[in-house]
Structures are given as C-alpha cells and as structure tokens.
Amino acid sequence: MAETTPSMSIGQVADRTGLSIHTLRFYEHEGILANPVHRDLGGRRVYSEDDVEWLTLCTVLRASGMPLPAIRQYTELVRQGAGNEEQRLTVLRHHHERVTAQMGRLSKSLDLISYKIRVYEDIVGHGAPGDRCNAPSRPPDADRADPG
C-alpha cells in the first residue's frame, strides 16, 4: 500500500468511514491500522487516504463477523510486507468459510421465517381461527437440499 500524505483529521475520517472517533482511537491502540497514525505539530492525529481505505476494509471485515484478533493478525501480515501472501490468503479463506457457513444458517432461518409469514398471511387473509398459528415450525420442504 503506497502511503499518501496525511491530511485528514480524526473527525474527517470518522465522517468518511462511519466509525466513531472512539473506535478509531481503539483501532489504533489495538494495532488494527496498517500504517502508524501520523501526528501534526500539535500532536493531533492526521490520516491519509490509504488509512481511510484500510479502515474501510476493516469495517467490512468486522461487519462480516471477523473477530478483532483475526483482523489484527491480517494487519500484522500486511505490515510485514511482501512474502507472506500465503498466510494472508489463509486468514481470508478461513473467514470466507465462516461467512459462507453463516450465510447458509441465515438462509435456512429466512426460509422458516418466510414460511411462518405465509402461514400468518393465510390466517389473516381467510379469517381462520388461531389454531393454525401452531402450524409446524418447519416448512414442508425443509428437508430439501436446494430450497431455491
């Protein structure tokens, strides 16, 4: 990552990334930033466009459920420079597997929720008695391999 001239305040970076100032300081303290945060003559943090890009990546990784220790590990590998791409790939592949598994669980959950919504819409649409509220908690095709 080619370092660009630092020019943004912590408040500007917070606005650009959607992260709070507290979170930016926390990330710095936890070693989550790929480059050291520069300081101006008054000791205030100044960030570069590269810092914003890195923070955007970290935000995506966090939003996808990557734990901070894994982000820290990945950050350290990036800081070390070329030669450890296979290790970086391993970190990202492991996270990819976790996200894929989570998406599978969420898809099954969504199928069940959609089924229950159809049950209640049918009840509401027909004014049927509430007995059907106890319809099975699984759609009849829940065992299908491809719910598509």
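The values are calculated or read from the model by the stated rules, or taken from the named source; none is laboratory data. What you see is a predicted model; the values in this text were computed from it and never measured. So basically every Cβ, Gly included, is an ideal-geometry build from the backbone, and we count neighbours across all protein chains shown.
For the reader, a short list of remarks on this structure follows.
- Qualifying positions in region 95-106 - more than 22 Å from Leu33 (Cβ to Cβ) and touching a residue at least 12 places away in the same chain (Cβ under 8 Å): Arg98, Val99, Gln102
- Residues (over 17 Å from Gly11 (Cβ atoms) and either among the polar types (S, T, N, Q) or surrounded by 14 or more Cβ atoms within 10 Å (Cβ to Cβ) (or both)) located in region 35-52: Asn35, Asp50
- Test: Thr75 is in contact with a Leu (Cβ under 8 Å, 6 or more places away or on another chain), β-branched (Val, Ile, Thr) and part of a helix (DSSP H, G or I): yes
- So Ser48, is it more than 27 Å from His96 (Cα to Cα), among the small types (Gly, Ala, Ser) and touching a residue at least 12 places away in the same chain (Cβ under 8 Å): yes
- Selected residue (criterion: farthest from Arg72 (Cα to Cα)) from residues of region 19-37 that are assigned to a loop (DSSP other than H, G, I, E, B) and touching a helix residue (DSSP H, G or I) at 6+ places or on another chain (Cβ under 8 Å): Ser20
- Look at region 77-91: where a residue is under 16 Å from Gly31 (Cβ atoms) and touching a residue at least 12 places away in the same chain (Cβ under 8 Å) and a partner is exposed (fewer than 14 other Cβ atoms within 10 Å of the Cβ) and among the acidic types (Asp, Glu), sitting 6+ places away or on another chain with Cβ atoms under 9 Å, you get Leu77/Glu85.
- Residue match in region 95-103 (condition: modelled with pLDDT of 95 or more, surrounded by 11 or more Cβ atoms within 10 Å (Cβ to Cβ) and more than 18 Å from the chain's Cα centre (by Cα)): no
- Within the set Val52, Val37, the sole residue that is touching an Asp or Glu at 6+ places or on another chain (Cβ under 6 Å) and not small (Gly, Ala, Ser) turns out to be Val37.
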